[in-house]
1. Quick one: which residues, 5 or more positions from Val180 or on another chain, have an amide H under 5 Å from its amide H? H modelled 1.01 Å from N in the peptide plane, none for Pro or chain starts.
2. How far, in nm, would the chain grow between Ser422 and Gln131 when pulled straight, counting 0.36 nm per residue and subtracting the alpha carbon separation?
3. Would you mind checking which residues have amide H under 5 Å from Val403's amide H? H placed 1.01 Å from N; only 5 or more apart, or other chain.
4. Just grab the label-to-label distance for Thr272 and Asn384, each label 7 Å out from Cα along the Cβ direction, in nm (one decimal).
5. Keeping all protein chains in place, calculate the accessible area per residue for region 76-145 (probe 1.4 angstrom), answer in Å².
6. Using just the C-alpha positions of region 132-189 as equal point scatterers, what log10 of I(q)/I(0) does the Debye formula give at each q in 0.26 1/Å?
7. Order of 403-413, 254-264, 117-127 by packing, highest average Cβ count within 10 Å first?
8. Taking H as built 1.01 Å from N, whose amide H comes closer than 5 Å to the amide H of Val84, not counting residues under 5 places away?
Amino acid sequence: MIAINQFSFRPTTIPNPKPISSIPRFYCPLVDFNLIFAPKPKRRRVYSLLWVDESGRMDFIRKLSRGCLGHNSKMDKKVEVESVSGGVDVFDAAATAAGSKMQPDHLVIMVNGIIGSAADWRFAAEQFVRQLPDKLIVHRSECNPSRLTFDGVDLMGERLAEEVNDVVRRWHGVRKISFVAHSLGGLVARYAIGRLHECSTRTGSASDPGNCLRQGANVATQHLDQFCEARIAGLEPMNFVTFATPHLGSRGHKQLPLLCGLPFLEKSASQTAHWIAGRSGKHLFLTDNDDGRPPLLLRMVNDVDDLHFMSALRSFKRRVAYANANYDHVVGWRTSSIRRQDELPTANLLLNDTKYPHIVHIEKGNSEEVASKLSSAVGTQVINLEEEMIRGLNQVSWERIDVSFHKSRQRYVAHNTIQVKSYWLNSDGADVVQHMIDNFLL
């Protein structure tokens, strides 16, 4: 199936669940594979080519080898890919068509990591839409591509927040929102939701979960009480998922495995990171000192002025951290799983799941565990920056999913394999993406 669509973003007030394009679309059957042409951003008339079969796996060579035997086109699910200003929308054409009874109401924002682009999440986005066509609309962000990822977490976060607001205005039918981010993109997403967090008031009971009693309300008349209901960009927050994100920065011992844990290299990296990665390098190594304030990552474990970092995180129904247990040369296990060294799972705790062969450990967080971790941390002799960030982030519960590509030939690129950045090079991470989809809260 060939879908060619050039979409120029113009916000509209017409309540249509799907953007309207004035450019006609052309469809025709094609033997044995689908082609989807999508214009790349930056206003260039250049088209990217996506090879997709009905199972959602980009496996062109295998399909081409079948020759001209053909297949039943009714088995295909038509996934639309529209390049818009600032990113790429991925959705099911039939589900979002006007008059459809089951229109998606859940928006998923996918954020790339350092020196990345919207293409990094191509595989995962298409798997989402193919498996949940009437539930989700996926937006692959591209407001922070390539060298723009050196601009700093704060500036990138502001750009992402603006892009999310634009997407929400464009898709009028969505009611829920989730974030899926890779590497540095996880920090950018945490900053953006702090900016996008808002409270809407509604009447309810104090016993309702997620309600926060407004100051000065009359407790004696609970049926008339007004509560603060957290929203992200005006939508109900559902899942906040990160893949190999350096939540604690890259400053600590072995937090940047590429340096082999050598103290003199780690010290030198802290002093020179900004030469390579600009302001983002300063933020990652906690060497920024804007106007005498603490490092940005340290400030992001609390609400600061009009940036509600922790309130925004707390508002999500689920917070999930996928972490590479080994062979990730860019982001260490501790920083991506938000743990202390003695909290990392030992070998005898590792799983052996045939459905998800690279998922080796799952830790389900809950409020009781959060309270115990906070209380056990009190009284430690020295509170360094890393410990302070762990305590701050542990104010909310996290699901920690540990991943290992130890037996994979793609283990040396584990940082990209965990998200299937390129199916040709990182296909072994497909089970990790599938695990995320299977456990996604809709």
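1. Distant-sequence amide H within range of Val180: Ile109, Met110, Val111, Val241.
2. On the way: separation 291, 0.36 × 291 = 104.76 nm, distance 1.96 nm.
Working it through step by step, the gained length comes to 102.8 nm.
3. Ala323, Asn324, Ala325, Val360
4. 2.2
5. On the way: 1830 Å² over 70 residues.
Value returned for region 76-145: 26 Å² of accessible area per residue.
6. Debye intensities relative to I(0), on a log10 scale: -1.14.
7. On the way: 403-413: 17.2, 254-264: 15.1, 117-127: 24.5.
Final packing ranking: 117-127, 403-413, 254-264.
8. Correct list: Asp89.
The values are calculated or read from the model by the stated rules, or taken from the named source; none is laboratory data. Everything quoted here is computed from the prediction, not taken from an experiment. FYI the Cβ positions are ideal-geometry reconstructions off the backbone, even for glycines, and counts take in every protein chain you see. With ligands, DNA and RNA removed, areas are computed over all heavy atoms of the protein, side chains included. Shrake-Rupley method; radii C 1.70, N 1.55, O 1.52, S 1.80 Å.
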